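For reference, the structure discussed in these notes is given below.
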Amino acid sequence: MAGMIPVEKDVARFGALFAAAATTTPQPQPCSATSVIVAGMGGSGIAGRLAQALAERCGGLRVSAWSDYGLPAWADGSEHVFAVSYSGNTAETLSGAERAIELGTNWEAITTGGRLAALAHEHSAPVTAVEPGHQPRAALPLLLVPLLRRLTLSGIEAQVAEATEVLAEPAGDAGAIAAQLNGKLPFIYGAGGLATVAYRWRCQIEENAKQLAVHHALPELDHNEIVGWAAPPGNAVIVALREPDEPARVAARWEASRAVAWRDVPVVECRAHGKNPLARWLSLVQLGDAVSVELAHLNGVEPTPVVVIEELKRRLEE
Ligand code: PA5
């Protein structure tokens with residue numbers, strides 16, 4: 001932990017970190033593959049999940065985020081693989097890179113170093129070097145920007161530029177939202193790409209505030225989880241992540257879900273800022289990160305250490 005930048009410091013300058021990454025990351029030739037796999041776990045894996053959501057929304061290529069050992073069974077060597085691991089020592093991501101080598105796939109690493117960088121050097125695979133000293137989950141802007149710059153996503157440069165502007169201002173009052181989640185079990189919901197952002201909120205609340213949280217996606221949750229609200233836990237609270245000018249059918253779904261299932265449950269609504277998906281989604285990532293730090297303070301815990309994850313990794317290596 002010595003020399004590690006505290007999570008709360010990085011969370012407070014999320015916009016500045018993104019702006020710095022947008023300015024300093026070179027604009028390399030995008031990779032020419034039309035199908036890309038982004039292997040990564042936890043705080044590093046979220047970069048691939050956001051890239052997948054962007055590709056689903058904007059088109060340009062197919063992106064599959066992968067958070068497991070190896071690579072999907074359908075991978076046949078024709079894809080381009082990105083192995084994203086902040087530490088460079090995550091077993092699952094290393095095994096993804098090893099599978100790419102077995103398949104003869106083009107692959108590259110985004111990492112601070114570790115065994116992943118060594119493997120890439122050994123096999124002459126490109127490495128994007130990321131600044132060390134951060135917690136992986138706090139380094140999201142540093143992992144995401146170089147990844148996006150390598151993908152042929154439609155209109156991505158304009159989106160990065162807009163996100164830089166939007167992230168200069170917070171999208172909501174993190175302290176007030178945290179007060180509403182304090183001592184509660186938050187169910188965080190979003191539609192489309194905001195389902196990925198809901199997952200980020202969940203992970204950040206769990207890792208930074210050491211508090212359980214749940215997430216799900218609209219419209220899918222209207223076909224299963226909504227029934228469970230017949231008998232919710234007494235401390236449940238819903239966090240609704242919403243885009244401005246969302247399609248009428250999505251707005252109607254939020255209202256209908258509330259009317260049939262959430263009449264007696266508090267709902268905290270958070271609206272994204274910005275015009276394009278990247279800015280909108282990151283504006284709510286930034287807000288969720290800040291909420292998780294405020295919650296950590298309310299819970300009387302330090303946001304930075306994730307002792308359980310470290311202990312688990314150590315045990316698995318023994
Ligand atoms: O937030 C964390 O510390 C974890 O979720 C890590 O990101 C995860 O364990 C993977 O490690 P790394 O990001 O170093 O590959």
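Remarks
- Residues of the stretch 269-282 satisfying the condition of being open to solvent by 10 Å² or more (accessible area, probe 1.4 Å) and touching a helix residue (DSSP H, G or I) at 6+ places or on another chain (Cβ under 7 Å): His273, Gly274, Lys275, Asn276, Pro277
- Screening Lys210 with (1) assigned to a loop (DSSP other than H, G, I, E, B); (2) more than 23 Å from Val301 (Cα to Cα); (3) of a type in the set (Lys, Arg) gives one miss only, at (2).
- Qualifying residues in the stretch 173-205 (those that are outside any helix (DSSP H, G or I) and open to solvent by less than 30 Å² (accessible area, probe 1.4 Å)) - the one farthest from Glu243 (Cα to Cα): Pro186
- When we screen Ala230, Ala217, Ala198, Ala191 for residues that are touching a residue at least 60 places away in the same chain (Cβ under 8 Å), away from the ligand (no atom under 16 Å from the Cβ) and small (Gly, Ala, Ser), the only hit is Ala191.
- The conditions of being within 30 Å of Val301 (Cα to Cα), surrounded by 14 or more Cβ atoms within 10 Å (Cβ to Cβ) and among the charged types (D, E, K, R) are not met by Arg253.
- Filter result for Val285 (in contact with a Lys or Arg (Cβ under 6 Å, 6 or more places away or on another chain), in a loop (DSSP other than H, G, I, E, B) and either more than 12 Å from the ligand (Cβ to nearest atom) or open to solvent by less than 10 Å² (accessible area, probe 1.4 Å) (or both)): no
- Residue list for the stretch 162-172, filter: open to solvent by less than 40 Å² (accessible area, probe 1.4 Å) and among the small types (Gly, Ala, Ser): Ala163, Ala171, Gly172
- Selection of the stretch 1-19 for residues being in contact (Cβ under 8 Å) with a residue 24 or more places away in the chain and either aliphatic (A, V, I, L, M) or open to solvent by less than 30 Å² (accessible area, probe 1.4 Å) (or both) yields Met1, Met4, Ile5, Val7, Asp10, Val11, Ala12, Phe14, Gly15, Leu17, Phe18, Ala19.
- Taken as a whole, the stretch 294-301 holds no residue that is free of Cβ contacts under 8 Å to residues at least 60 places away in the same chain, β-branched (Val, Ile, Thr), open to solvent by 40 Å² or more (accessible area, probe 1.4 Å) and closer than 22 Å to Pro136 by Cβ.
The values are calculated or read from the model by the stated rules, or taken from the named source; none is laboratory data. All values reported here derive from a predicted model rather than from experimental measurement. Methodologically, a virtual Cβ is constructed for each residue, glycine included, from the backbone with ideal geometry; neighbour enumeration extends over all protein chains shown. Accessible surface areas use protein heavy atoms only, side chains included; no ligands, DNA or RNA. Shrake-Rupley method; radii C 1.70, N 1.55, O 1.52, S 1.80 Å.
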